[in-house]
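Chemist: Before I ask anything, here is the structure I am working with.
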Amino acid sequence: GDGCGHTVMYQDSGTLASKNYPGTYPNYTLCEKKIQVPPGKRLILKIGDLDIESQKCESSYLTIQSSSTLHGPYCGNVMPVPKEIILDSNEATIHFESGSHVSGRGFLLSYASSDHPDLITCLERANHYTKAEFSRYCPAGCRDVAGDISGNVGEGYRDTSLLCKSAIHAGVIADELGGQISVTQQKGISRYAGGVANGVPSHDGSLSDKRFIFTSNGCNKSLSLEEGFLSKSQVTASSYWEETNEFGQLSQWSPKEAWLQVPGLAWASNHSSNREWLEIDLGEKKRITGIKTTGSGSTMLNFNFYVKTFTMNYKNNNSKWRTYKGILSNEEKVFQGNSNSGDIVRNNFIPPIVARYVRIIPQTWNQRIALKLELMGCRIMQANSSFTHSMWQKPSQSTETSLGKEDRTVTEPIPSEETNLGLKLTAIIVPVLVVLCLFLFSGICICAALRKREAKGLSYGLSSAQKSGCWKQIKQPFTRHQSTEFTISYNNEKETPQKLDLVTSDMADYQQPLM
């Protein structure tokens, strides 16, 4: 049967393991996978773990076949396994075969292109490193690899935690893509608080000598903690529940109760359907990098309401609602929410949402739709100056394109449908009108001065100039140019670029210098 287990392959990196890893792999199985990176790159492989029960690699073994070289077979202790294999091509075939055996974990390996010589496997931990600061490349597919992590993105992670799995938990990289991580090791703390984030559970941890944190881009703060945010923002919903308790008292589970910072009830819908929604108006366009959710039990212990899964919609002024989609697919992304009513669960948006309005649309829930939430992010100006982290790098759209490190660009965030036409027209037309007014005012002043001197009998040169009026006097210093056109571009690809004629043929004879 198929002896392949956990497999995640992206165009630039990936992870591959035998079936049941780290448990015992099955008898008489075969796993054969072709892996590749973009043309023009060399393939780098790192074997994180190899435990195959075979003395002479006769019935159970692992081989790596490139275009011209066979690496292996690897098994038991017959042939030492190299820490790193650099192939002479951009593709290879991984072949794992098993016979009859009693024990053995099988194998786990990671690969990447030669653009990432600092590749590590999913099994490396922070305590494997002695440097206070270091940077490494995590392959795609480390989220579901067995191994514990302890800690959180705020206080840091215990140094025994898996590096790449912790980076996914922290929202530094996406599991589908992998990416570069920058780590700083610091003195440990007495206790590490765990929690679920981005589908990765983190456990509470005890005292350790060291801990590590990830370099942050600065755009992961709670938006509701900004000064005046709660007063500027507005929360609305499709419906809300009005509860009457056994004493006849009325409680409103209204949208204004939805913020985590607001004590008391949560928001709860009056109906149970996936057409219910909670909408937040942020007051202005912001960069939203994540969301924290919890259920009714965080404040009301006698209720067990929470949202299990949800989707996200977003929009800006005068635009339509758009659905947040997966990184590598064009399908609506379903976020994993809470598994109980009391714990806080975090999900990061990679890439981030840039919008003024967002909607949370529950898909599945326990007993009744109810939640409290917090949005994380920053203002647009702050984001533009600080977003250089690799977590925002945009994946190439084609595996046929060779991408070097120098070709990487910062990922465009989820785009806004708003156009800035009004600002662009204002920036062009206002200066033109100001210049025209200045010249008109100057012409009037000159005419007034000429007439005043004529009244006093003063001569101003040729009589023809005097008879033809003041406009002839100021006509000469300026030359007539053809109409100048400026192209106004739109952010929306559907819009057709238009041309704005700033200087028409019907203008007066006087003319301002070209802008």
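Chemist: Pop the C-beta distance of K56 and S239 into the FRET formula with R0 = 51 Å and round what comes out to the nearest 0.05.
Modeler: 0.15
Chemist: While we're on this one: Quick one: give the max-minus-min coordinate of the C-alpha atoms of the stretch 191-279 along each principal axis, largest first, in Å.
Modeler: On the principal axes, the stretch 191-279 reaches 56, 33, 27 Å in Cα extent.
Chemist: Of all trypsin sites (Lys or Arg not before Pro) in the stretch 10-97, which ones are in loop regions per DSSP and have a Cβ with at most 14 other Cβ atoms within 10 Å?
Modeler: Within the stretch 10-97, the qualifying trypsin sites (Lys or Arg not before Pro) (loop, at most 14 other Cβ atoms within 10 Å) are K56, K83.
Chemist: With the alpha-carbon atoms as the only input, what is the per residue convex hull volume for the stretch 294-376 in Å³?
Modeler: Output value, Cα hull per residue: 100 Å³.
Chemist: So, one more: What trypsin sites (Lys or Arg not before Pro) does the stretch 84-189 have in DSSP loop regions with at most 13 other beta carbons within 10 Å?
Modeler: K131
Chemist: What is the stretch 126-216's relative contact order, in percent, from Cα pairs under 8 angstrom and six or more apart in sequence?
Modeler: RCO, the stretch 126-216: 35 percent.
Chemist: Another question, if that's okay. Could you tell me what percent of the accessible area of the stretch 145-296 is made up of carbon and sulfur, with a 1.4 Å probe and every protein chain present?
Modeler: 47 percent
Chemist: Between rounded, prolate and oblate, where does the stretch 234-379 land on the alpha carbon gyration tensor, with a ≥ b ≥ c its root eigenvalues, rounded for a/c under 1.5, else prolate if a/b exceeds b/c?
Modeler: Prolate shape, in that a/c is at least 1.5 and a/b is the bigger ratio.
Chemist: Considering only protein heavy atoms, what is the solvent-accessible area of L45 at a probe of 1.4 Å, reported in Å² to the nearest 10?
Modeler: Accessible area of L45: about 0 Å².
Chemist: Give me the percent of accessible area attributable to carbon and sulfur for the stretch 4-113, probe 1.4 angstrom.
Modeler: The nonpolar share, carbon plus sulfur, comes to 47 percent.
Chemist: When the solvent-accessible surface of protein heavy atoms is calculated with a 1.4 angstrom probe, in what order do Y111, Y61, Y28 fall, highest first?
Modeler: Sorted descending by solvent-accessible area, the residues read Y28, Y61, Y111.
Chemist: Pairs of alpha-carbon atoms within less than 8 angstrom and 6+ residues apart define the contacts here; what relative contact order does the stretch 234-379 have, in percent?
Modeler: 33 percent
Chemist: Hey, how much of the P(r) for the stretch 126-216 falls beyond 18 Å, as a percent of Cα pairs?
Modeler: Distances greater than 18 Å cover 35 percent of the Cα pairs.
Chemist: Accessible surface of I344 in the full protein assembly, 1.4 angstrom probe, to the nearest 10 Å²?
Modeler: 90 Å²
Chemist: Using +1 at the C-beta of Lys and Arg and -1 at the C-beta of Asp and Glu, which of P82, C31, I94 has the Cα lying farthest in the positive direction of the dipole of the stretch 1-108?
Modeler: P82
Chemist: Report the relative contact order of the stretch 1-114, percent, no decimals, based on alpha-carbon pairs under 8 angstrom and at least 6 residues apart.
Modeler: Averaging sequence separation for qualifying contacts and normalising by length gives 39 percent for the stretch 1-114.
Chemist: Of all beta bridges DSSP finds with both residues in the stretch 80-232, what is the antiparallel percent, to the nearest 5?
Modeler: Within the stretch 80-232, antiparallel bridges account for around 90 percent of the total.
Chemist: For the stretch 4-113, build the convex hull from the C-alpha positions and give me its volume per residue in Å³.
Modeler: 80 Å³
Chemist: Rounded to the nearest 20 Debye, what is the dipole magnitude of the stretch 170-226 about its Cα centre when Lys and Arg each give +1 and Asp and Glu each give -1 at the C-beta?
Modeler: 280 debye
Chemist: Then there's this: With every protein chain kept in the model, how would you rank M381, M79 by accessible area, 1.4 Å probe, largest at the top?
Modeler: M381, M79
Chemist: So what does D115 come to for accessible area, using a 1.4 Å probe and Å² rounded to 10?
Modeler: Using a 1.4 Å probe on the heavy atoms, I get roughly 20 Å².
The values are calculated or read from the model by the stated rules, or taken from the named source; none is laboratory data. Note that the coordinates shown come from a computational prediction; the quantities given were computed from them, not determined experimentally. Cβ atoms come from the backbone with ideal geometry, glycine included; neighbour counts cover every protein chain shown. Just so you know, the surface numbers come from the protein's heavy atoms only, side chains and all, with ligands and any DNA or RNA stripped out. Shrake-Rupley method; radii C 1.70, N 1.55, O 1.52, S 1.80 Å.
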